[in-house]
1. What are the residue pairs meeting all of these: first residue in the stretch D:214-242, first residue within 21 Å of A:Leu97 (Cβ to Cβ), second residue of a type in the set (D, E, K, R) and surrounded by fewer than 20 Cβ atoms within 10 Å (Cβ to Cβ), Cβ atoms under 6 Å, and 6 or more apart or on different chains?
2. Please state which of the following conditions D:Val71 fails to meet, knowing it meets all the rest: (1) at pLDDT below 95; (2) within 23 Å of A:Ser203 (Cα to Cα).
3. Go through the stretch A:139-211 and tell me which strands (runs of 3 or more DSSP E), entirely inside it, have 1 or more residues that are among the aromatic types (Phe, Trp, Tyr) and free of Cβ contacts under 8 Å to residues at least 24 places away in the same chain.
4. Looking only at the stretch A:9-20, how many residues end up being open to solvent by less than 10 Å² (accessible area, probe 1.4 Å), within 8 Å of another protein chain (Cβ to nearest Cβ) and assigned to a helix (DSSP H, G or I)?
5. Identify all residues within the stretch D:298-321 that are more than 12 Å from D:Phe340 (Cα to Cα) and in contact with a Leu (Cβ under 7 Å, 6 or more places away or on another chain); write none if there are none.
6. Among the candidates B:Thr63, B:Thr26, which residue alone is under 17 Å from B:Gln193 (Cβ atoms) and not aliphatic (A, V, I, L, M)?
7. I need the full set of residues from the stretch C:178-236 which are of a type in the set (Ser, Thr, Tyr) and within 19 Å of B:Gly201 (Cβ to Cβ), in order please.
8. Could you tell me whether D:Leu173 is modelled with pLDDT of 95 or more, more than 19 Å from D:Gly10 (Cα to Cα) and crowded, with 24+ Cβ neighbours inside 10 Å?
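The values are calculated or read from the model by the stated rules, or taken from the named source; none is laboratory data. Computed from a predicted model, the values in this text were never measured in an experiment. As a convention, Cβ positions derive from the backbone with ideal geometry for all residues, glycine included, and neighbour counts pool all protein chains shown. Surface accessibility is based on the protein's heavy atoms, side chains included, excluding ligands, DNA and RNA. Shrake-Rupley method; radii C 1.70, N 1.55, O 1.52, S 1.80 Å.
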Number of protein chains: 4
Amino acid sequence: MGRHFLQIPGPTNCPDEVLRALAAPTIDHRGPQFQALARRVLEGIKPVFGTTGPVVIYPASGTGAWEAALVNTLSPGDRVLCFETGHFASLWREMALDLGLRVDLVPGDWRHGVDPAQVEERLSADPGGEIKAVCCVHNETSTGVTSRIGAIRQAIDRAGHPALLLVDTISSLASIDYRHDEWRVDVTVAGSQKGLMLPPGLSFNAVSDKALEASKTAKLQRSYWDWQPLLAANANGFFSYTPATNLLYGLEASLKLLQEEGLKNVFARHERHARATRAAVRAWGGGLEILCQDEREYSASLTAILVPPEFDADEIRRIILDRFDMSLGAGLSKVAGKVFRIGHLGAFEDLTLIGTLGGVQMGLQLAGVPIDAGGVNAALESLLQENR
Amino acid sequence: MGRHFLQIPGPTNCPDEVLRALAAPTIDHRGPQFQALARRVLEGIKPVFGTTGPVVIYPASGTGAWEAALVNTLSPGDRVLCFETGHFASLWREMALDLGLRVDLVPGDWRHGVDPAQVEERLSADPGGEIKAVCCVHNETSTGVTSRIGAIRQAIDRAGHPALLLVDTISSLASIDYRHDEWRVDVTVAGSQKGLMLPPGLSFNAVSDKALEASKTAKLQRSYWDWQPLLAANANGFFSYTPATNLLYGLEASLKLLQEEGLKNVFARHERHARATRAAVRAWGGGLEILCQDEREYSASLTAILVPPEFDADEIRRIILDRFDMSLGAGLSKVAGKVFRIGHLGAFEDLTLIGTLGGVQMGLQLAGVPIDAGGVNAALESLLQENR
Amino acid sequence: MGRHFLQIPGPTNCPDEVLRALAAPTIDHRGPQFQALARRVLEGIKPVFGTTGPVVIYPASGTGAWEAALVNTLSPGDRVLCFETGHFASLWREMALDLGLRVDLVPGDWRHGVDPAQVEERLSADPGGEIKAVCCVHNETSTGVTSRIGAIRQAIDRAGHPALLLVDTISSLASIDYRHDEWRVDVTVAGSQKGLMLPPGLSFNAVSDKALEASKTAKLQRSYWDWQPLLAANANGFFSYTPATNLLYGLEASLKLLQEEGLKNVFARHERHARATRAAVRAWGGGLEILCQDEREYSASLTAILVPPEFDADEIRRIILDRFDMSLGAGLSKVAGKVFRIGHLGAFEDLTLIGTLGGVQMGLQLAGVPIDAGGVNAALESLLQENR
Amino acid sequence: MGRHFLQIPGPTNCPDEVLRALAAPTIDHRGPQFQALARRVLEGIKPVFGTTGPVVIYPASGTGAWEAALVNTLSPGDRVLCFETGHFASLWREMALDLGLRVDLVPGDWRHGVDPAQVEERLSADPGGEIKAVCCVHNETSTGVTSRIGAIRQAIDRAGHPALLLVDTISSLASIDYRHDEWRVDVTVAGSQKGLMLPPGLSFNAVSDKALEASKTAKLQRSYWDWQPLLAANANGFFSYTPATNLLYGLEASLKLLQEEGLKNVFARHERHARATRAAVRAWGGGLEILCQDEREYSASLTAILVPPEFDADEIRRIILDRFDMSLGAGLSKVAGKVFRIGHLGAFEDLTLIGTLGGVQMGLQLAGVPIDAGGVNAALESLLQENR
């Protein structure tokens, strides 16, 4: 009877203010009222990316914004450097191949992020600059591992390589500190349904000058995703095709909430909840493991948990959904059945975290995982420390 | 940023379906569409009271339905038997005095419900039948004590006394098993904002034939609260004055949810949460006491907790509101500052309970109450037992 | 498939902003967030009444606010002066009788408002000041006749009579110019569902110092309606019983809309639409008559239209509802079947008026009333003149 | 203060039921509740297209569905036959060129639809079957001209040509009779924000077996728009990337409304309103012209009106927006400033049409266009005839 706990790592629980904003009547997307709205959100979204440059907003899923990042900057046969950090990094790589790019893949174990040293090594080995872009997923939604984009930028700089830096922030934006301009990212890809606390349906490209320049010569076929007509229309507060007006209402509401809390506080809140979650996992013991193996790379927006081999993570999730009306994230592809993921991002507070962890604890117990019942208490202790 | 935890013992957290129903456009309250709606809710509300008789719906707070119960059945100077079971019982008694009734008050300690033996004794001492009504609060919202109405009815029967039985179910209806017809209650008073999971603004009188008969000769001044014109209009699916149409939309949504879950399951859920809450209180120790002293009278919809004398319950509530964005109920009048109350009623599930208790635990710790940190775990254990 | 035209003289079409505001989660009515809300609406409502004094807000229909006005100021057996200006004036008078007051009734023909000369005459004939209150309906919702309260005040003054002046503004407040303080009205009665553009469920008493003084000695039985505890609680931003929180959200949204448009503009808009409606009625001819016979008393919020005796106004309304999905007001009691009423108040603009009148015109034609088809055009011409 | 009249030819006025459905909490797009929803809408949308085959739903604007239709069925350098029937047909052609297709363009005057005779002639002149697709816009949103797809299909058949038939129904679907299967259309392109009465953000491809077959060999670069993974996922009630869940809620609400009214009634309603609109235009005279010149091609969902050369259509629209809070469609590209467009589609009823035409009439008068004031009356007369 109560409210569903949507603790997948996105879509996240939308705040009431955002949901009600969606229900406002649609307006003329070519009229002055829309123009004012568009200007507000196009401007208001910039600080969330840490940029003063343009952010393109697509009526599309995050997958579309991936495609946009590639087709606007690259040409058929271009080489791109990808890293097998998890399921979504792999999907992006597959998309690159589908689009006719050549991919240099750095293999990975799904328990670590992009290694800056490897970035430097790979780029240093390409003095001719054949690699046109480095594609990184900032926060791997499938593994709960956060790659260190600042360090990756430094690695690129050390290699003195001109490749573009393309970063997927789908499950990190507005949850984990991110600095498009400071880190000189060329295209930042994002979606509406995670830290921005909106339903899915909008996605984003924050675009550097260098990326814009690249788009002038990039030859991959593009139309819907083409930045140029969108940016030209955006300059006047319009879009070059019909925008998803009601989701923009929601975006305005969401930006207001983020601004009221302050991004620094938002990031700190996510870190606090991630620490408490990891405290619970450690206290549970019972063979559970945090999938991420490098503590510098712990995700603040989700925690992926490896279950002991004799248990089926999907069965645990099923029990939790049935008994406690909570959705958790499944293990995907390589880790299917082995991992479940707790989303602790978006509109989420201490008490919701405690309820979430309580449900996980009881679910593990019902599934017979031999955990210690002290997990929730460890999380409470962690939160309490930070509240003193 | 997340959703506020509204854990006062009402108003309760309204389900999304109910809130969105409120936002439907208002319709003509004299037209056929309204008529169909009114018939559905006037019929649909009956099983919630355990009655097949009429239920009067007022556009008013529960306080109004108290007044309605008295003015429709009694005459100036009539004697009524009241019980000092807590704040709301006292307010109802004061209202009776304000309306010109004479009140026989059975004093109480705010830690027990109405004693059926005292009912029998008092009525047996009134062979002339001067006492016209027995007024009981089923579930005292200020104390978390549930009086046993079935046993009270038996006491009245044993005394062979003709007094009307008027019962306030404001914080019990649709949360705690209640049987208007079976217990031969004459007027049951209820409100929208507790177990019915609506915002405040509607209140109810379920009315027995005997009460209707009494209303024909009752002389207390009445107009707005008069049952007769309302019931006459209701017979055709209308109201004798403008009804609170949008709250009726919400009521329809709420009745649908209750029906889907099944009242028995609703009651069992409330009991499960109350048991888990008491398990937490006992495990906390630290001088905390459950206010209710008779385990037969534990409330399933809220738990009032007495704090040790050296602590200020309001300060604890303030900390919890500030740090954890959760509202708890204050101690009222006699127990102000000494008691806080946890509402666990309405649209409420296991994980919300765990979050709620987690917030209480941390708040108590921050306030320096020397509790054991095992309270939440005890609640988890209690829930787990019942989920096996 | 389109939106229903709710053109009864209230409830009116609620603006989207108001409807969505209703769907916000209910909050603790004893917490600081509620306190701030209550202070905003208690202050913000005052200018709408033209007062700087207190306005009591009830969780109740307008009928309740009628009762409140009487029971707070009068004692059993007190004489009040009432005027038979229509159905609602008659209902208020009946309520006065039910409450044990004595009523001096000035009969009327339902086509005129309160005659100030008669007020003066009646009061002058009561040198002993036995008449304790003069009760007027500002805008008779059943007839579309607006009594001139300013002139009535002058009449009372000329008579030098101490009677209280109680005025019902249920279908005029926030639609027709009204000045509680300037006209020295003692109690102004209002409801939420007309000019305030809310669903029904809130009602109001604006209260003068003189009325407050009278309440100290008034002896009519009262509890729910008693101003004193409400005003005492309001002083701190609270209510003495559970308020209808979500309707207060709507009220805040409505006050914002009224303030944005400006009350003067709101009044002018209603007058413009009333003039255009009358222009249509006159152009239709065909035996239709505007019920109001004194052009100084034309209502700006609704127009009641008398149909030729050979037609049934309810049948015309039925046709219009069936064919054009528009609700119109019925003739009530004395004028049942003879009159239909067009509400042109609340959230209502020129194009909605034209649609409304178009539906009325086609309905009259379908019913066989021998009208001239130029009615809508006459309204368009009237609007056009005022838009030049 | 009243509701904005959104009378552009889309986005259209969303029904309240649809808007409120959007505000439901987002759910797990990989869970059983979503699966059931997806199955309902994927099945429920089929009859709206007149198909029993698959309909792909994109989180995207209609522009994206245009791209999807081309990239799934064609290869670089393929020839497609396009018709210059208006602005949107021209944009689609430009997209085809951008995507690397070769376009045979049949020029047009923007006042006629696709001529079936020319289709036959062009295809007959291509015995080698070099033309791979015929692209038609069913209802040109920029001109209010509806091409006769059934006749075009017959022309293709007469030519015995194997080209695919791709049809844009963005402003006709669910407003104008359309038969994907019967007319053997291969890809039907549609969007959410017109006849489906949703906000923008969803778009559609209904796909024939022949189109599916073509997609196996089509070589245009594609990823986001690729039918195959979406259809594979749809088979299980899921999507291959995150769907726009809340817009799917709205779609379910919209399908329910369409089903309740019945598609035949929906189409008849649109035709009735189009006829009444044209009656108004003719009665206005004053040099106004219906842009569409072939009465077999009159659009039922919008009417484009040519203003006399000495007037600026945009100025007329501006006046109407300022004075009457109504948005009308602008003339686009070739007819900018010369044409304004009245949308009469979606959730739209007789009285809204009358209000709309009343606003247009007054706007024309305020702009000084020498019209006859009988336009609204002519529309009323037209509606009345059809209501008898």
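1. Matching pairs, first to second residue: D:Ser223/A:Asp98.
2. (1)
3. The strands (runs of 3 or more DSSP E) meeting that bar number zero.
4. 1
5. D:Ser301, D:Ile319
6. B:Thr63
7. Those that are of a type in the set (Ser, Thr, Tyr) and within 19 Å of B:Gly201 (Cβ to Cβ): C:Ser192, C:Ser203, C:Ser223, C:Tyr224.
8. It is false that D:Leu173 is modelled with pLDDT of 95 or more, more than 19 Å from D:Gly10 (Cα to Cα) and crowded, with 24+ Cβ neighbours inside 10 Å.
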